[in-house]
Every structure is written in C-alpha cells, then in structure tokens.
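Take a look at the structure set out below.
Coordinate-derived values only; no laboratory data. Quick caveat: nothing in here was measured; it's all calculated off a predicted structure. Glycine gets a Cβ as well: all are built from the backbone with ideal geometry, and neighbour counts include every protein chain shown.
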Amino acid sequence: MATNFGNEVAIFSINQDQSKYIAIIALEDELASLDSGTYEEVYSGYEIRSLQKHPLEQAFRHLIPAKSFEYFTQQENFIFLANEPAELKLMIDAIEADDTWGKSIAFQKFYQRGLQESNVSIFFREPVLSENEKWKPLLDSLGLSSLGWVSIQFSALDNHFYTSANLASKTKEVKSTDQIKSRLSYRLPNFIDRGFAVRNQITGGSEVVLQDSTFKIHLFNPANGILWQSQLDGMIQDIKQIDYYKNNKLQYLISTQSSLYLIDRLGRDVEGFPKKLSMLVNSMELVDYDKSRNYRYLVQSSNSDVYILDKDGKPLEGWSPNHFLFSIKDKPKHYRIGGKDYFLMLSVEGFIYLVNRKGDVEKKYLLPINPIRVITYWKWGLI
C-alpha cells in the first residue's frame, strides 16, 4: 500500500456507552488514497468504501481501540475509519448539521485553556467518574460534582514527561431582574388549528409554523412574532425543510390533501409551485437517497396508491402510481440497507413489505404481535 500516514491521529466515540468509535488519521499528501475493497457508495457527497487488508492496526495498535475498522471515507488529507457504514453516516450527518464539538463555543473556550502543544489529549464532555457512585463522595468533597468538560493531556520535552488536567464545571447562568425580558404576547386574526416546529437556518434556533382555521400559515419567531403569512388550500398534511437549490438555504416543503407547496424563507412561493396533485394525499415522505439533495417525494394517496415525485413534483415512471395488492396501514418509510434503497410498508393485515426503488416487493415478513387476551365480565342488572 502506497499510503503514507501523517503525524496526527484522533479517536472519538459516537455514542454515550462508548462502544462505537471512529478513527481520524492524517495523510502526508492530500492526493494519497487507501486501497479500496468491493463496497462503495456515495452519501452526502462523501465516498464510503470498504478497506482491503492493510497495516493500519499494526501501525496504530497502541493508539486506537483493539477493533476492526473496515470502512472509510476520505476528506482532503484526512481519512475517517469505522466498523460500519452507518457509523460514518452518523458522523457525516453531524458535520453537515454543524453538530460537532469544533462548532461549540463552550468547547472552543475550554480547548483554548489547555496545552496547545501537548502530544496526546483526551477530552470528556460527561466524565465516567461522575456516574460512578463509588467516586461520588470524593467528587462532592472536592467540589467536582458538576463537571462539564475535562481534559487530560500528556506532553514530552527533552526526555521529560508531563501530565496535566483541565477541569471546567457547569455554570448556571444567573440573570438579574433587569436582564429578564418581559413576556410578549401576539394576537392572531383567527383560531390556530395546529403548529409545526421548524429550524431557523441562520441562528439554528427554533421557530413555529402555525396554521389557522382559514388554512393560512404563519411563521412565528419567539423574539419577533409573525414574520410572514401564506395562504394554503387546505390543512397541512406534512411539512419538511429542504435545500432545493443546493445553496445551504432552506425552503419549506408543505403538502396538503390536494397540493404541494414550496415556500422560501421569506414566505414566497418557489417558481413552479404550488403543484396541484391528481390524487388525494394521505401522507408524504421526503426521500434523499444519497444525501445529494436530489429529492424525491413519496406520496401515499387516500386509496393506498403510492406515488414518487421528482424534485419538481412530477411523477416518476413506475410510481405514477404504484398500486399494491395490500392496504397500507402507516405511511411508507425509506431506508438504505447495504447500499441499496428500500421502502418499508406496513399492511393492515400485519405484514411488513420491503419494496425496492423499482417498486417491486422483495421481502415480506409477518409482524409478530402478541395476542391480547380480552376478559369479559358479566354482571346481572348492569348494561
């Protein structure tokens, strides 16, 4: 293998019980690549591939957990390795959503307090010791019961070795009476029928789409009240946020029983929308096969016919509609399994069907449901 490893390696856990790890290893050259095996798929612009036998475990056996890293993805001169493709996808989703420690202001402040030149650093956000009852009295006595961030760092200089610890406790923000904002109230012209939580793409905070009894929707921000209004032709069935133009700006994809709306962040209809649909919509599922933002809309009609519409709302061949010989109980769900796409459908008879992208049923399973014992008591004189 021609790959030359750099001088940086990092290991992090992607779940609370620390049973799943991802290794990050720097390469000396951005153009260097690992020998790839037979598995390959693209997810959100990242190529995930299987790894042929290589001296990775031997080269880093003292630094990485003793487990197999069989899949990888490469970004610039770094490779990310995991035991399963699903673990890499979790990491990619976190990167795309800016849900990483590097994007956290709290972590950046804590990181700058530590030794920048240390050879090895171990960071904890929720130290294991705080969950151990045996250590609790000691932690309480030292005033360390509410630790927020902890790092242990190891350094070597001129044949001398140093160890340091950096501790940061959780701090509760105390606001004075003058800092507490007065409660605001807003009056809407009609009775509010339902609401949906959405994300503000600029601040990352929460907003609410409210729909009133006249089918009009209102984007509500807790700080500024109603930002805009738009009239729909019926009650909202589903609402999703999508990046229609692939420019990191979100729009609101909304389905009613008879139409498909796409509204931008200023409350304006995207060109070509709304689309009047030929079926009565029972549910809608957003599908993005490989996180490429080439969206598909999976629509279940009121008579259990299933349609798949392209990004612009046009029915796709084979799904215009696809009429199944069973009645669908709940809205179909999309899953990617082993690099292949399937739609999971539950019938009213209790069967689970796996349907491929062509619309063919590949698997059928009986959903095991424990029978419910019904006991009826009779008592004379009572109805």
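Put in order of Cβ neighbour count within 10 Å, fewest first, the listed residues Trp149, Trp319 become Trp319, Trp149. Here the label points at Asp269 and Ala156, each 7 Å from Cα along the C-beta direction, are separated by 6.8 nm in the simple model. Cβ crowding within 10 Å ranks Thr214, Thr38 as Thr38, Thr214, fewest other Cβ atoms first.
Each part gets one Cα centre, and for region 195-221 versus region 79-98 those centres are 30 Å apart. A simple spin-label model places the labels of Lys109 and Ile122 2.6 nm from each other, with each point 7 Å out along Cα-to-Cβ.
Among His160, His334, His218, sorting on how many other beta-carbon atoms sit within 10 Å of each Cβ, with the fewest leading, yields His160, His334, His218. For every other residue with a beta carbon closer than 13 angstrom to the beta carbon of Val287, add +1 if it is Lys or Arg and -1 if Asp or Glu, then tell me the sum. With Lys, Arg at +1 and Asp, Glu at -1, the net is +3.
Charged neighbours of Trp319, selected by a Cβ distance under 12 Å, balance to 0 (K, R count +1; D, E count -1). What is the distance in Å between the Cα centroid of region 240-257 and that of region 268-292? Spelled out, the Cα-based centre of one part sits 9 Å from the other. Once the C-beta distance of Gln241 and Phe326 is scaled by a Förster radius of 45 Å, the resulting FRET efficiency is 0.90 to the nearest 0.05.
Run through region 248-322 and list the GluC sites (Glu not before Pro) located in a DSSP loop whose Cβ has at most 13 other Cβ atoms within 10 Å. In loop regions of region 248-322 (DSSP not H, G, I, E or B), the sparsely surrounded GluC sites (Glu not before Pro) are Glu271, Glu317.
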